[in-house]
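The values are calculated or read from the model by the stated rules, or taken from the named source; none is laboratory data. A quick note: this is a predicted structure, and the numbers were derived from the prediction, not measured. Glycine gets a Cβ as well: all are built from the backbone with ideal geometry, and neighbour counts include every protein chain shown. Note: accessible area is taken over every heavy atom of the protein model, side chains too, but ligands, DNA and RNA are not part of it. Shrake-Rupley method; radii C 1.70, N 1.55, O 1.52, S 1.80 Å.
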Amino acid sequence: TAMQKTALIMAGGRGERFWPRSRQNMPKQFLSLTDDGKTMIQLTVERILPLVNMEDIFIVTNRSYKDLVRQQLPELPEENILCEPVGKNTAPCIGLGAVHMAKRYGDAVMMVLPSDHLIKYTSLFLNTLSDACEVAEEGENLVTLGIAPDSPETGYGYIKFQPEETLGRAFAVDKFVEKPDLETAKAYLASEQYLWNSGMFIWKTSTILKNLETYLPETCQGLKKIGEAIGTPMEEQALERAFQAFKAESIDYGVMEKAKNIYILSGSFGWDDVGSWLAVSRIKRSNELGNVVNGNVVTVDTRNTTIQGGGKLIAAVGLEDMIVVDSEDALLICEKDHAGDIKKVLENLKICNRTEYL
């Protein structure tokens, strides 16, 4: 019989590159960026329901987003919303999910998914995911989904695989590599041995906990204490104490770059990690001039420009390669080439203590 399947959806991020729509009280995973009006986290949950039951889906988020999760996913059991007192990157987040699952199921195949990715071809995705579950179940394997790159993208980490070493439809992983510069990215693309790191992982809870113990022993100590306290009056206190003490560590750097038995499945299911406002022009249909407009907008002589408006009329004249995003109290005007620098606006606002705009 196949093992119990569970999913852990990571929804703690702030989505800063989606400012001014994404705000501290409404980060991007709770926004709708697609034409169906569903939010990213809703789409993420809906997408996996053929493989996982709703009561076996867990969301890890920041304590301050618990109510948003409840509003947007009313069918999800409330005890499946795991709240981090403070964000400490992905390793503690995944560990928290794993100790909760270990407590509830003993062992299970756990799929770890970001809450803010879009996937066009759901059936292809589910196929790849269920193959990954089989590989994860076969032993103490750490499985990840790689995306076949179609351009020398410098915004993603890459994973080098070994074409001759396979397990089912998966390839053995040679190494994880950091975001490359353009020359390096071109070389990766030409070699046909590198995939984009999608940040989606599949493993048994026992496997990931064992690896956390090996490579992040201090984090694992704290996780054990949380695990022991689950369901007792001490749970809140144990969680608080452990999270304050955790070092902020990503699962990639903390575990995946060092671990053994890592396998990757290549996916081409129309994946987009929706990293910045640039993604909107990929996701939404643009008109023949390459403009993507939403809201009350008039354009004259404008091309390749994304305008997200609301009720107020926005008139754009002679713009090219721009992003314009209007919200109630803030307006963003940005060249597409500089979309990555939106975070710097937030840094400035923090320094000037203008927190109402964060």
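Give the separation of the Cα centroids, the range 150-196 to the range 41-94, in Å. Each part's Cα centre sits 30 Å from the other's. Simple rule: put +1 on each Lys or Arg Cβ and -1 on each Asp or Glu Cβ in the chain, find the dipole, and look at G87, A132, L8; the Cα lying farthest toward the positive end is G87.
Taking all C-alpha pairs of the range 39-85, those more than 11 Å from each other amount to 65 percent. Projecting the Cα atoms of A339, M111, A245 onto the dipole axis of the chain, where Lys and Arg carry +1 and Asp and Glu carry -1 at the beta carbon, places A245 farthest toward the positive end. Rolling a 1.4 Å probe across all protein chains gives W196 an accessible area of roughly 20 Å². Computed over the range 308-358, the range of Cα coordinates on each principal axis works out to 34, 27, 12 Å, biggest value leading.
For the range 199-288, the Kirkwood hydrodynamic radius comes to 16.4 Å, computed from all pairs of different C-alpha atoms. Taking the Cα centre of the range 201-358 as reference, the dipole from Cβ charges on Lys and Arg (+1) and Asp and Glu (-1) amounts to some 480 debye.
Determine the per residue accessible area of the chain with all protein chains present and a 1.4 angstrom probe, expressed in square angstrom.
Numbers: 16700 Å² over 358 residues.
Per-residue value: 47 Å².
Treating each Cα of the range 190-344 as one equal point scatterer and applying the Debye formula with no solvent, the log10 of I(q)/I(0) at q = 0.13, 0.19, 0.20 Å⁻¹ comes out as -0.84, -1.09, -1.16.
Axis of helix 90-105 versus longest Cα principal axis of the chain: the two differ by about 50°, to the nearest ten degrees. Look at (i) -0.57, -0.88, -0.96; (ii) -0.42, -0.79, -0.94; (iii) -0.49, -0.85, -0.98: the one that is log10 I(q)/I(0) by the Debye sum over Cα atoms at q = 0.08, 0.11, 0.12 Å⁻¹ derived from this structure is (ii). By DSSP, the beta bridges lying fully in the chain are antiparallel in about 45 percent of cases.
Basic side chains Lys and Arg get +1 at the Cβ, acidic Asp and Glu get -1 at the Cβ, and with that the dipole of the range 77-169 about its Cα centre reaches some 220 debye.
Could you let me know the centre-to-centre spacing of the range 307-358 and the range 222-269, using Cα atoms, in angstrom? Going from one Cα centre to the other spans 35 Å.
Loop-located trypsin sites (Lys or Arg not before Pro) across the range 134-209 with a Cβ neighbour count of 14 or fewer within 10 Å are R169, with loop assigned by DSSP.
Can you send over the carbon and sulfur percentage of the accessible area for the chain, probe radius 1.4 Å, protein chains only?
Numbers: 7890 of 16700 Å².
About 47 percent, which is the carbon plus sulfur part of the accessible surface.
When peptides 259-270, 85-96, 319-330, 285-296 are sorted by average Cβ neighbour count within 10 Å, with the highest value leading, the order is 85-96, 259-270, 319-330, 285-296. Here K225 is the anchor, and the lysines within straight C-alpha reach of less than 19 Å, apart from those fewer than 8 places off in the same chain, are K88, K103, K210, K247. How many percent of all Cα-Cα pairs in the range 79-157 sit more than 18 Å apart? Of the Cα pairs, 57 percent sit more than 18 Å apart.
When the GluC sites (Glu not before Pro) in the range 156-195 are filtered for DSSP coil states and for at most 12 other beta-carbon atoms within 10 Å of their beta-carbon, the remaining sites are E178, E192.
Here the relative contact order of the chain, from alpha carbon pairs under 8 Å that lie six or more residues apart, stands at 19 percent.
DSSP assigns beta bridges within the range 1-101; of those with both partners inside it, close to 10 percent run antiparallel. Along each principal axis, taking the top coordinate minus the bottom one, the Cα set of the range 108-221 gives 41, 36, 33 Å in descending order.
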